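Right, one structure below, let's go through it.
Throughout, read-outs are computed from the coordinates displayed, never taken from laboratory work. These numbers were taken from a predicted model, which means no experiment stands behind them. All Cβ positions, glycine included, derive from the backbone under ideal geometry; neighbour counts span all protein chains shown.
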Amino acid sequence: MKTLVITFFALTLLCAGGAQARSVKEMSEVIKKPIEIEASGSKRMNVMFPHTAHKGISCFQCHHEEGGDGRYVACTECHATPGARERDPMSMFMAFHSQSSDRSCLGCHKKLAAENPGKFPQFKGCRPCHMSPAAREAAEAAKAAKQ
């Protein structure tokens with residue numbers, strides 16, 4: 001009986017380990033390419049988010065919920081309150097723009113800029129995140145040329 005229980009436990013670990021490895025591999029592929037976070041209205045208000053530029057930051061900093069399948073929950077699943085200027089913390093606008101929360105993009109970047117003024121750019125207006133596709137391509141080309 002003891003051998004049967006140990007064997008069953010070992011098989012369970014092997015199966016779970018394989019499933020975990022697949023999800024880690026899938027997630028590593030997802031985070032290699034930037035995602036476009038769609039804003040309501042104009043396409044120029046969309047934001048390209050590069051996961052790779054945020055190395056060293058825990059996924060739970062932004063994805064503070066995990067779904068039943070073990071994957072991180074997308075912002076829109078919880079922050080779905082409509083309205084571009086809605087001040088409800090569950091709105092998409094506040095999920096990205098709350099200045100008082102280090103879980104929002106703007107709040108985290110402001111905190112990092114205050115702690116390390118030379119390393120992190122201070123947000124001025126909407127341009128660092130929101131720009132037309134042509135302006136974004138030009139900025140990326142200029143950045144690549146510097147490197």
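Observations on the model:
- Annotation for Glu115 and Arg127: the two label points, set 7 Å from Cα along the Cα-Cβ direction, are 2.7 nm apart.
- Here the contact order of segment 29-137, divided by its residue count and restricted to Cα pairs under 8 Å and six or more residues apart, works out to 18 percent.
- Maximal additional length on extending the Glu26-Met48 stretch stands at 5.9 nm, based on 0.36 nm per residue less the C-alpha distance.
- With 0.36 nm allotted per residue and the present C-alpha distance subtracted, the Ala139-Lys55 stretch has 28.1 nm of extension available.
- Pairs beyond 26 Å (Cα-Cα), from Lys43/Lys143; Lys25/Lys146; Lys43/Lys119; Lys25/Lys124; Lys43/Lys146: Lys25/Lys146; Lys43/Lys119; Lys25/Lys124; Lys43/Lys146
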